[in-house]
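To start, the structure under review is shown below, and the notes come after it.
The values are calculated or read from the model by the stated rules, or taken from the named source; none is laboratory data. The shown structure was predicted, so the numbers you read here are calculated from the model rather than taken from an experiment. Every residue, glycine as well, gets a Cβ built from its backbone with ideal geometry; the counts of neighbours run over all protein chains shown. Calculation scope for accessible area: heavy atoms of the full protein, side chains included, ligands and nucleic acids excluded. Shrake-Rupley method; radii C 1.70, N 1.55, O 1.52, S 1.80 Å.
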Amino acid sequence: MADGGGGVQINLELYGKRLKLLNNKWKEHKKEMWAGADAIAVVTPPASEDLRYLKSTALHIWLLGYEFPETVMVFMPGALHFVCSSKKAGHLEELQKSSKMLTGVDIHIHVKERKQDGSAQMNTVLDAVKGFSKSKSPSIGVLAREAMEGPLMEKWGECLKASGAATVDVSNGFSEIFAVKDEEELSNIKNASHLSASVLKGFVVPKLEVIIDEEKKVTHAELMEQTEGVITNPGKYVKLKADDVDICYPPVFQSGGVFDLKPSAVSNDEALYYDALGVILCAIGARFRSYCSNVARSIMIDADKTQEKAYKVLLKAHEAAIGALRPGNAMSMAYKAALAVVESGGSEFLPYFTKNAGTGIGIEFRESGLTLNGKNERVIRAGMVFNVSLGFHNLSTESRDPKSKTFSLLLADTAIVVEKGPPEVPTLKCSKTYTDIAYSFKDDEEEEEVKVEAKPKVKAETNGSSEPAVRMATLRSDNQEMTKEEQRRQHQAELARQKNEETARRLASGGLGSGDGQGPNKTSGEIIAYRNVDDIPARELKIHVDQKNEAVLLPIYGLLVPFHIATVKSVSSQQDGGHSYIRIIFNVPGAGYGPNDVPTQKFPRSIYVKEVSFRSNDTRHSYQVVQLIKTLRRQVAQRESERAERATLVTQERLQIGKGRPIRLSDLWIRPAFGGRGRKMSGTLEAHTNGFRYSTMRQEEKVDVMYRNIKHAFFQPAEKEMITLVHFHLHNFIMVGTKKTKDVQFYVEVMEVVQTLGGNRRSMMDPDEIEEEQQERDRRNKINKEFEAFVKRMAELWDQAPWRELDLEFDIPFRELGFHGVPNKSSAFIVPTVNCLVELIETPFLVVSLNDIEIVNLERVGLGQKAFDMAIVFKDFKREVLRIDAIPSTSLDGIKEWLNSMNIKYYESRMNLNWRPILKTILEDPDKFIDDGGWEFLNMEASDSDSEKSEESDEGYEPSDVEVASEESEDDDSDDESVVESDDDEEEEAEDSEEEEGLTWDQLEEKAKREDKMNGEEEDSEDERHRNRKKAAGKGRMADPRDAKRGMPQKRPKIR
């Protein structure tokens, strides 16, 4: 970096690379792009606070990294001349020294003193041009479209005219150079796009939601000013320095029927309009280090069918235009692709469609020559960046309100052309799907209370229609609950349709998953104890254990016969009458021992020893031999198991140790813990260049977690728990000690888990007790703050290139949405996060990515049930269904609401399902599964009407004097009946239905006799039949109708 003082640092490497590029392009395309210019002169105007985009300024930023106002630059083959003030000359001194070595170009600086007009220096430069071209009228390239501003530019124009040199326009040449961006430029544009999308998603959209929800009156200009303040001070939303960012244009907000889709549009002083059929256009352009980005979205309020169709057509057209931006295509293809979508999907909108699909974007907001219209046949190349902007202007609705009668739609994104595949769109962080931009407030309006007193009919104010707004007085709470449930059912019905379509596509394409990634281990090598007979040690004839060669030597017929320890299945000993008996059982084919461990395939006709027994007088030796065999067998099995696990691991990149002091957390414990029997030790977690390293004082105890291997990261502060933790759920398994895991957790205990049980009971007001509690609170707060600081610094690191593309961030569980359940063997508190459902306190940990979930089935749901179960079916049908049992029924509504808000389809069932055969059936015949309606076999609501009819037919005696409930209560009862009842109730109802068949006791007795004869059984005695009849009569006794009148519950027979 060249530091010319005053904080100006010119990147010499970028300067050298880009100046060479300019000279090469000039040399190769001198006539077609540079109009045959012998020299190129670029003059910058005086500094201005106005937003303007000039090629002269863009050239300074592209080449030098800074704008040098009132400076003349003249490019000649092998030379570069500057005419500038003495201060600017100081900034260029270091560049002057290094330029010859970097580029082979000499830099000549002509200093213009403050009192001079610069004509002498300009004439010197022009004489140098004449001398080089050897012509009295050389051709000098200029930016003809830029007006002469300020005394320096005017003086240059006079000198240039007086010199007799010819001028040609070289704007096209600079457009060609600026069109394809290098890595540094693309990084700046991605940062700018990240800023634009983050402000729109994180500030603008929530701000609009609050304004609409609270019915505030805010003008477009006020919104513009607030948003501009957020862009220029983005610390809360994006970790970028304020000095590096700026706006491309003042943020644009439009609504109320007055719209302008041109880039020059401005926010007026009218109030934001958000009544029914209203449309709000939001456009935000942010710059990072002078590189531009743009994003625009349309917000729709209670849209009608025409508005919905228009937006969906525009969205498809916008995606088609972006998809056409591929290397080798003509730029016209982007607009033609969008036009084709509009013609086929909404030809009635064609007259209102914009005339182009956007322009190139970079240092200039609109790069000349890169317009995406139907006539531009310029070829697209990788590295080009486009602002893809499409819209419909001044469409009409049937509304009578002039503010909602006319509406416009606009979509814009920044798209980067890559070598292969579709373009990269860094502004997609802000969603543009219809469900995310369309807001409906009709239900809220219908819930408003109206006074019971008679009032004259009035016109509805919000929708502009002439229909009378007369409503019956209702209870707000009841209406809201019904509306909320109805909305949830409608959303779930739509999710069911989408889920079945998605599943059908995945099954049709063969995307059935690959299980849990833990298939059978690789076949181990041959089992060899000794290579040849000479290697067997010569020892006395008794049982020996050769730990070095992992073999057991057994004396058989006067010889020591070796058996590898892997062939031993079990060994035992027992004593009887002063003798000790040793029994060794071997692994043999057909006894549950796989061919991976016994060479049955190599020796298929061999005869194997199943077991041997020895009797010994030396009981002590027998005991030692048995213990040695067991120990050796355990060690070898553990080693082979670890080796098999390591064989399935994905090779990780090597950790790069960062320079300087790393981000760290000290005195942490790790789970899963390292193996070994020594004393457990705490360690330190450090963040390095490409990953984390956790290490203790023991040299062998260290774990590396690469950033690219992190799938989900969590931070859970201690609130009601004893620990504060950070947790990483990984893409691929790693080894922690000898354990293979996808979950690594680092934690600190915030208070002592062990409490003293003895001693006297202490008073609540005991000063010592109060002091201890305060100390615990202080310790918890201190640890939580340390972890928060660590997480914040990591977020800043992950927000920078190249880690931004991984989209890493720490999720914090939402405790208020949590519920108790049993995911494994013990009850735990399970909490959702933004992307997962987790339980991070009890082991084994539970981390379920919401993107992996196919559907959720809520089982054992019904009245009278204190708990229900949750079955989570994954998109990978070869993966085991996850069950969370014994969830309290009080959490049912909260779980339903959360699943619905996360767009996860859920079903309810009356009993637990056996999912293994269900998934097996789907995998065996996916076409039949699709033809049968997909997951709709789980939909119990579809058969509610049939079940209600059957229940009505099965009802027993009902007293005539019992009051009939109202229609509303009948509906409620029918809903209750459709919910699952307990097992006991079902059995009791079955008994009642059997007893109410309508047969008399004599008929039943005759029927029993016939069955006994058919079965060849002896008849019961008359006394036994009489006793059975009494029991049955007592069990089938009708309920007293008077109990119903008194409101007493009817008794059911108990089942013992």
Next item on the list: Would you kindly find the accessible area of Val388, with a 1.4 Å probe and non-protein molecules such as ligands, DNA and RNA excluded, rounding to the nearest 10 Å²?
Entry: 0
Check: Semi-axes, largest first, in whole Å: what does sqrt of 5 times each Cα gyration tensor eigenvalue give for the stretch 32-108?
Finding: 21, 18, 11
Note to self: 5 Å is the cut-off here: which amide hydrogens, built 1.01 Å from N in the peptide plane, fall below it relative to Gly256, excluding neighbours closer than 5 in sequence?
What the structure shows: Tyr273, Val279
Next item on the list: Take the alpha-carbon centre of the stretch 218-297, take the same for the stretch 858-908, and report the distance between them in whole Å.
Entry: 42
Item checked: Environment charge of Leu685, counting only residues whose C-beta is closer than 12 Å and scoring Lys/Arg +1, Asp/Glu -1 -> -1
Check: What accessible surface, in Å², does a 1.4 Å probe find on Ser572, ignoring ligands, DNA and RNA and rounding to the nearest 10?
Finding: 60
Next item on the list: Rounded to whole Hz and in sequence order, give me ³J(HN,Hα) for the stretch 685-695 from the Karplus expression 6.51 cos²θ - 1.76 cosθ + 1.60, θ = phi - 60°, writing x for Gly and Pro.
Entry: 9, 10, 9, 10, 4, 10, x, 9, 9, 10, 8
Margin query: Computing the accessible area with a 1.4 Å probe over protein heavy atoms, can you report the carbon and sulfur percentage for the stretch 694-738?
Written below: 47
Next item on the list: Loop only per DSSP, at most 10 neighbouring Cβ atoms within 10 Å: give me the trypsin sites (Lys or Arg not before Pro) in the stretch 63-116, ordered by residue number.
Entry: Arg114, Lys115
Margin query: Residue by residue through the stretch 30-39, what is 3J(HN,Hα) from phi via Karplus (6.51 cos²θ - 1.76 cosθ + 1.60, θ = phi - 60°)? Round to whole Hz and write x for glycine and proline.
Written below: 4, 7, 6, 10, 10, 6, x, 5, 7, 8
Next item on the list: Output the direction-averaged projected area (hull surface divided by four) of the convex hull of the alpha-carbon atoms of the stretch 185-297, in nm².
Entry: 6.8
Notebook entry, point to check: Carbon and sulfur atoms: what percent of the 1.4 Å accessible area of the stretch 172-248 do they account for?
Noted result: 44
Notebook entry, point to check: What share of all Cα pairs of the stretch 59-202, in percent, falls into each consecutive 5 Å distance bin?
Noted result: 2, 8, 15, 19, 19, 16, 9, 6, 4, 2, 1, 0, 0
Check: Out of residues 5 or more away from His110 or on other chains, whose amide H comes under 5 Å of its own, with H placed 1.01 Å from N in the peptide plane?
Finding: Phe82, Val83, Cys84
Item checked: Carbon + sulfur, % of accessible area of the stretch 66-128 - ligands and nucleic acids excluded, 1.4 Å -> 48
Next item on the list: Could you bin all the Cα-Cα distances of the stretch 141-222 into 10 Å bins starting at 0 and give me the percent of pairs in each, rounded to whole numbers?
Entry: 13, 22, 17, 20, 17, 8, 2
Next item on the list: Counting residues in the stretch 269-352 as N, plug N into 2.2 N^0.38 Å and put the Cα Rg over that result.
Entry: 1.34
Next item on the list: With a cut-off of at most 15 other beta carbons within 10 Å, and DSSP calling the residue loop, which trypsin sites (Lys or Arg not before Pro) in the stretch 117-212 qualify? Please list them.
Entry: Lys134, Lys136, Arg145
Check: Stretch Ala504-Phe829 to full length: gain in nm at 0.36 nm per residue minus the Cα-Cα span?
Finding: 113.5 nm
Notebook entry, point to check: What's the Cα-based Rg to Rh of the stretch 756-867, Rh via Kirkwood?
Noted result: 1.11
Checklist line | Largest to smallest principal axis extent of the C-alpha atoms in the stretch 822-894, angstrom | finding: 34, 27, 24
